[in-house]
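Engineer: The structure that follows is given in the form of structure tokens.
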Amino acid sequence: MKRFWCDLQSGEAFTTGQLQLRREDILAFAAEFDPQPYHLDSEAADASIFGGLCASGWQVTALVMRLLTDTLQAADIPVMGIEAVPNLRWKMPVMVDDTLHGKFTVTSTDAESRQPGCGRARVDIQVNNQDHKPVVELSAVLLIAHAEQGVHLGTA
Amino acid sequence: MVQPEPYIRSRWWEDIPVGEFHVFGSHTFSELEIIEFGKRFAPAIHHTDPVQARDTLYQGLVASGWHLTATWMRLMVDYMERFAQGVRDGRRNGAGMGIEDLEWFQPVRPGHTITFTYEITEKPERLIRNRWGVIRSRNEAFNQYNERVMRFNIDILAERNPENCQPDLAVQ
């Protein structure tokens, strides 16, 4: 059954699926968006602050969105995007073949948002690697639809 | 010919001034890029299907917010690279530590041209792993109508002058 903004409860917790990051994923994202030596070149990465080839932090945040989107869609909750990230910390680099999984909890909700037709759901998110070490922690304001979409066009 | 200040990335943390302002550049988001990014990272129809997207609350395709942050990174790397004076061994590049107050204000649609600005706002007094300092910046993005579409603050590491980090060696 479809669940809209009003069906979300503060305190509700979700567990995401898993995503594995392969070398070619890291290299492809870096070539397009973050062409720095430690994301592109193993030798340079070994000498860098990270100590090895690792994913761009922005690839990690994009993958957080993928985990959130997949989890909410699987729960039949119409996620319409993200409005804000009040804070975010990259805790550890994500290395080749790391597997990410996360959990998030709804901390509060607002009926209004910047996007008409959506309410806000504030969530605290932690994403861990396969060793259960946190790689990124953030709070986010997600946009959740109030009702089935497409209806508003009927009046045109 | 007098060159402009060329050593932006290769400067030590100590030599980077609060208040410095840069325009990293602009990027026009194509429909194809928006869909490509959406399919990989935010597979909702307002990011992936230009026809069905018309029936959503956005009334058309919009870019993922994380597509904007990733594009900010690309333009920053390109901009800094032009001034990096061959520092490409990966050691001097600092890592991002965290972000605060990231907000998206307006949807970005196919064909929109977004301009990214960067201002150094603070240098927190921290020494990390006896080698790195923190540069805090305020970053904003504007569309072609001069509407602000995104804002965030980010802490990035910059290498400190070794003379300030290794007193045992510097004293000799």
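The values are calculated or read from the model by the stated rules, or taken from the named source; none is laboratory data. Note that this is a predicted model, so its numbers are computed, not measured. Cβ: placed from backbone, ideal geometry, glycine included. Neighbour counts: every protein chain shown.
Engineer: If I ask for residues that are without any contact (Cβ under 8 Å) to a residue 24 or more places away in the chain and of a type in the set (S, T, N, Q), which ones from the stretch B:45-75 would you list?
Structural biologist: B:Thr48, B:Gln52, B:Thr56, B:Gln59, listed by residue number.
Engineer: In the stretch A:1-30, how many residues are over 24 Å from B:Met97 (Cβ atoms) and facing chain B (nearest Cβ under 10 Å)?
Structural biologist: Summing the residues that are over 24 Å from B:Met97 (Cβ atoms) and facing chain B (nearest Cβ under 10 Å) in the stretch A:1-30 gives 1.
Engineer: Has the stretch A:97-111 got any residue that is without any contact (Cβ under 8 Å) to a residue 40 or more places away in the chain, closer than 19 Å to A:Thr61 by Cα and in a strand (DSSP E or B)?
Structural biologist: no
Engineer: Same structure again: From the residues in the stretch B:137-149 that are more than 16 Å from B:Pro107 (Cβ to Cβ) and in contact (Cβ under 8 Å) with a residue 24 or more places away in the chain, which one is surrounded by the most Cβ atoms within 10 Å (Cβ to Cβ)?
Structural biologist: The extreme case among them is B:Asn139.
Engineer: Here's another thing I want to ask about it. Output the residues belonging to the stretch A:38-63 that are modelled with pLDDT of 85 or more, in contact with a Gly (Cβ under 7 Å, 6 or more places away or on another chain) and either of a type outside the set (Asp, Glu) or buried (at least 22 other Cβ atoms within 10 Å of the Cβ) (or both).
Structural biologist: Within the stretch A:38-63, A:Tyr38, A:Ala45, A:Gly57 qualify.
Engineer: Continuing with the same structure: Looking at A:Arg114, A:Arg66, A:Arg89, A:Arg122, which one is in a helix (DSSP H, G or I) and basic (Lys, Arg)?
Structural biologist: It is A:Arg66.
Engineer: Could I ask something else about it? Given the condition closer than 18 Å to A:Glu137 by Cα and of a type in the set (A, V, I, L, M), answer yes or no: does some residue in the stretch A:2-20 qualify?
Structural biologist: There is at least one residue in the stretch A:2-20 that is closer than 18 Å to A:Glu137 by Cα and of a type in the set (A, V, I, L, M).
Engineer: Among residues belonging to the stretch B:91-136 that are buried (at least 17 other Cβ atoms within 10 Å of the Cβ), among the charged types (D, E, K, R) and within 20 Å of B:Arg74 (Cβ to Cβ), point out the one that is nearest to the other protein chains (Cβ to nearest Cβ).
Structural biologist: So the residue we want is B:Arg92.
Engineer: Looking at A:Val106, is it buried (at least 22 other Cβ atoms within 10 Å of the Cβ) and either of a type outside the set (S, T, N, Q) or within 10 Å of chain B (Cβ to nearest Cβ) (or both)? Working first, answer last.
Structural biologist: On the way: buried (at least 22 other Cβ atoms within 10 Å of the Cβ): no; either of a type outside the set (S, T, N, Q) or within 10 Å of chain B (Cβ to nearest Cβ) (or both): yes.
Answer is no for this residue.
Residue-wise test of (1) facing chain B (nearest Cβ under 10 Å); (2) charged (D, E, K, R); (3) within 22 Å of B:Trp72 (Cα to Cα); (4) under 11 Å from the mean Cα position of the chain (by Cα).
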position: A:Phe33; (1), (2), (3), (4): yes, no, yes, no
position: A:Glu43; (1), (2), (3), (4): yes, yes, no, no
position: A:Gly52; (1), (2), (3), (4): no, no, no, no
position: A:Thr71; (1), (2), (3), (4): no, no, no, yes
position: A:Arg89; (1), (2), (3), (4): yes, yes, yes, no
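Engineer: Is it true that B:Ala53 is at pLDDT 95 or above, over 16 Å from the mean Cα position of the chain (by Cα) and within 21 Å of B:Glu140 (Cβ to Cβ)?
Structural biologist: no
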